[in-house]
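Data first, discussion second: the structure below is written as structure tokens.
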Amino acid sequence: MTDPDRSRQDARDGGSWPPPEDRWAPSQQVSVHPAHAGAPYTPLPAPPAPWPGSVPAPAVSPEQPPEVPDIADGTPAARSKPGRDRYLDVLRAVALVRVVVFHLFGWAWLTVLFPSMGVMFALAGSLMARSLSRPAAGVIRGRLRRLLPPMWAFSLVVVPVMFALSWKPVREEGLWWFVKLGSYVLPLGSPPYPEESGSEGGWLELSWADQAAGPLWYIRAYLLFVLASPLLLKAFRRLPWVTLPAPVALTAVIGTGLVTVPGTFGEGLLDFAVFGSCWILGFAHNDGLLKEVPRYLAVSSAAIVMGFGLWWASGHLTEEGWNLDEIPLAQATWSLGFCAILLVYAPSWQKLPGRLAGWDGFVTLANNRAVTIYLWHNLLLIPAAHLVDELWAVPWFGDTFGTYIEQSYEVLVLIAVWPLIGLAIVAFGWVEDVAAKRRPRLWPNGAGRVRKA
């Protein structure tokens, strides 16, 4: 299996993983005085009539799950409402599932149906803006503390296996090769890996290292956005309507071949340009700027931007067709418009409504383990495929149902990969808790939380 979701040698999609920081809430704040929280009931005289136009504060839901991390941070920040905004949690969970499905099936139209990476960057940008109400240096340290340890756990498994399978330094690159190897510790560049490793048809097929290293581009891009956020936020609050489209303009220059920036710096700059407007759109969501724009104007403007993205893509289709990950300017504009509509119409859910309530455990688990899911899913698709292959070797079953196995092969792999992702969550997910200075948990789906009366 290859990683079709990259615009260069490494995948451009995935995230969340999703990796996978504290999460999101609208910007207008409604608070409940702590003196009243949990106070016993005492009959009181009828309150005076409210002032015209006043709105009562919403009740705090006792079933609200604990604060869970964004793809790199779990620190609760000053939030606009008590508890978490579950609508945004749902978006993150959907983005992660879409990433897994895309990396398995490779359907290009999925990048149009739901641009996962743009959504994940927009949500993370909103959280970053909210967190920057605190001193920037402390916020950045907290983000790095939550982002890097899960990646280190991943690297401690993957890199030794690469060397064990006869991977060696490239002599022609000298010391520079070892500097690039440091990207598995501090992801400021593209990490090296053997183009072929393992064995043909083995549990670690020849492309497994490429599969493993593919999602690390997101960690690099996220880290760059975190480091740049204090300056970006200042620029946005001074000139919002100039700062917001600026990354798209940069994409039009360096993402279309008009200007070529070579090397690792060029790769990082292109990622920054393509998804920068989505990140800054998160600033606008946090600051309430989107609420100040008439909805019809915001939606119509977003639709025009998305239309341009599709028009541009139609004239620059690649071998993978409508895979926007291979068409930077189309990805930038389509993702920006798509995320703008999602955030303009964003409801504020303290708990999942209606039929969505049945998915509460999955949504909570996906958000608590976004980094782990994103880092490991692509690699785990390989053993999932081998498990399905073993069905042909089962006596009687393989002979009887062989045709059905072949016809539904990818679906069976999709079913098989989720238990493997669950094992990765149990084996490595607790690192996210340790990084966030929380008590380690094996399966944080919110099922064991105590409900207060």
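Under 5 Å between amide hydrogens, which residues at least 5 positions from residue 318 or on another chain qualify, with H placed 1.01 Å from N in the peptide plane?
Excluding prolines and chain starts, which carry no amide H, the hits are 323.
With charges only on Cβ, +1 for K and R and -1 for D and E, what is the dipole size of the range 361-444 about its Cα centre, in debye, rounded to 20?
About 740 debye.
Using a 1.4 angstrom probe, figure out how much accessible area the range 278-376 has per residue, in square angstrom, rounded to the nearest whole. Don't skip to the end; give the middle numbers.
Details: 4100 Å² over 99 residues.
About 41 Å² of surface per residue is accessible.
Leaving out ligands, DNA and RNA, and with a 1.4 Å probe, what % of the accessible surface on the range 321-453 is carbon or sulfur?
67
Using +1 at the C-beta of Lys and Arg and -1 at the C-beta of Asp and Glu, which of 381, 368, 352 has the Cα lying farthest in the positive direction of the dipole of the range 316-383?
So the residue we want is 352.
Tell me, what is the per residue accessible area of the range 90-208 in Å², probe radius 1.4 Å?
I get 43 Å² per residue for this part.
Relative contact order, percent, of the range 152-260 when contacts are C-alpha pairs under 8 Å separated by at least 6 residues?
16 percent.
Over the range 85-189, what is the relative contact order in whole percent, taking alpha-carbon pairs under 8 Å and six or more residues apart?
Details: 33 pairs, mean separation 21.1, N = 105.
With pairs under 8 Å counted, the relative contact order is 20 percent.
First compute the accessible area of the range 224-265 with a 1.4 Å probe, then give the percent of it belonging to carbon and sulfur atoms.
Ligands and nucleic acids excluded, carbon and sulfur reach 73 percent.
Can you compute 3J(HN,Hα) from phi for each residue in the range 173-187, using the Karplus curve 6.51 cos²θ - 1.76 cosθ + 1.60 with θ = phi - 60°, rounded to whole Hz and x for Gly and Pro?
8, x, 5, 4, 4, 6, 5, 5, 4, x, 5, 6, 9, 10, x
Roughly speaking, to the nearest percent, how much of the range 103-169's 1.4 Å accessible area is carbon and sulfur?
Exposed carbon and sulfur together represent 72 percent of the surface.
Would you mind putting 229-239, 193-203 in packing order, based on average other-beta-carbon counts within 10 Å, highest first?
Answer by packing, highest mean first, reads 229-239, 193-203.
Going by average Cβ density within 10 Å per residue, which order do the peptides 314-327, 119-132 take, highest to lowest?
Output ranking for 314-327, 119-132: 119-132, 314-327.
Just to check I understand the Karplus step: with θ = phi - 60° and J = 6.51 cos²θ - 1.76 cosθ + 1.60, what whole-Hz values come out for the range 284-289, glycine and proline as x?
4, 5, 5, 7, x, 5
With charges only on Cβ, +1 for K and R and -1 for D and E, what is the dipole size of the range 196-264 about its Cα centre, in debye, rounded to 20?
Magnitude of the dipole: close to 800 debye.
Using θ = phi - 60° and the Karplus curve 6.51 cos²θ - 1.76 cosθ + 1.60, what whole-Hz ³J(HN,Hα) does each residue of the range 258-270 get, with Gly and Pro shown as x?
Per-residue couplings from phi come out as 4, 10, 10, 10, x, x, 4, 4, x, 5, x, 5, 5 Hz.
Let me spell out the model: positive unit charges on the Cβ of Lys and Arg, negative unit charges on the Cβ of Asp and Glu, origin at the Cα centre of the range 167-314. What dipole size does that give, in debye rounded to 20?
My answer is approximately 820 debye.
The values are calculated or read from the model by the stated rules, or taken from the named source; none is laboratory data. From a predicted model like this one, the values you see are computed outputs, not experimental measurements. All Cβ positions, glycine included, derive from the backbone under ideal geometry; neighbour counts span all protein chains shown. Ligands, DNA and RNA are stripped out before the accessible areas are found, and what is left, the full protein with its side chains, is counted by its heavy atoms. Shrake-Rupley method; radii C 1.70, N 1.55, O 1.52, S 1.80 Å.
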